[in-house]
Amino acid sequence: MSVTEMNAIVLKKTGWTAAWGMALGSALVLGGCVSAFEPKTDPTSPLAPRVQQLVDENRQYPRWADFPRSSSPLPAPAEVAANVGRLESRNAALTAETARIDWTLNTDPAAFVAQVNRRVDASQMSPQTLRTAEQIEAYAEELRQRAKAPPPIDRPRPQ
């Protein structure tokens, strides 16, 4: 069976309706923008001549020639070269300084983990960290009970 025989090219009625609806909606939305790009000045306004004069004067975009030049002069090429040389020497000094560092993290990871575990085991642990999960939950429940508001006090209402 061919594509034409299966009616695969022709949209169903809902497809055509949706397409026409979108086209009509787009036309309406974009049609509202047409007049926004050509604003008109109200001729009865007392400021209309001044507004039109300002609009006419400012129709051209500014050019680079219209901007004022910088008040500070550009640095001389020798000064720029000196700054670059200073930066390069600082970079070389920093590179040499970092090369002198004895990096110890490039060793065997298992040995590093064992060393950290020895340091942790040798340190005094806080009693709070030695609690079991059940003890922690019991302590949390005790704190929740203590945080509950007391029941309201019955007071006789004045007559």
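Coordinate-derived values only; no laboratory data. Here the structure is a predicted model, which is why all the values come from computation and not from measurement. Quick reminder, even Gly has a Cβ in these numbers, built from the backbone with ideal geometry, and neighbours come from all protein chains shown.
Quick notes on this one:
- Extension gain for the segment Thr44 to Ala18, taken as residue separation times 0.36 nm less the Cα-Cα distance, is 4.9 nm to one decimal.
- Distance from the alpha carbon centroid of region 48-84 to that of region 91-153 works out to 59 angstrom.
- Region 67-121, dipole about Cα centre (Lys/Arg Cβ +1, Asp/Glu Cβ -1), debye to the nearest 20: 200
- Stretchable slack from Gln53 to Ala140, in nm (0.36 nm times residue separation minus alpha-carbon distance): 23.7 nm
- Estimated FRET transfer efficiency (Glu88, Ala114; beta-carbon r; R0 25 Å; 0.05): 0.05
- Take the Cα of Arg155, step 7 Å toward its Cβ, do the same at Arg131, and the gap between the two points is 3.7 nm.
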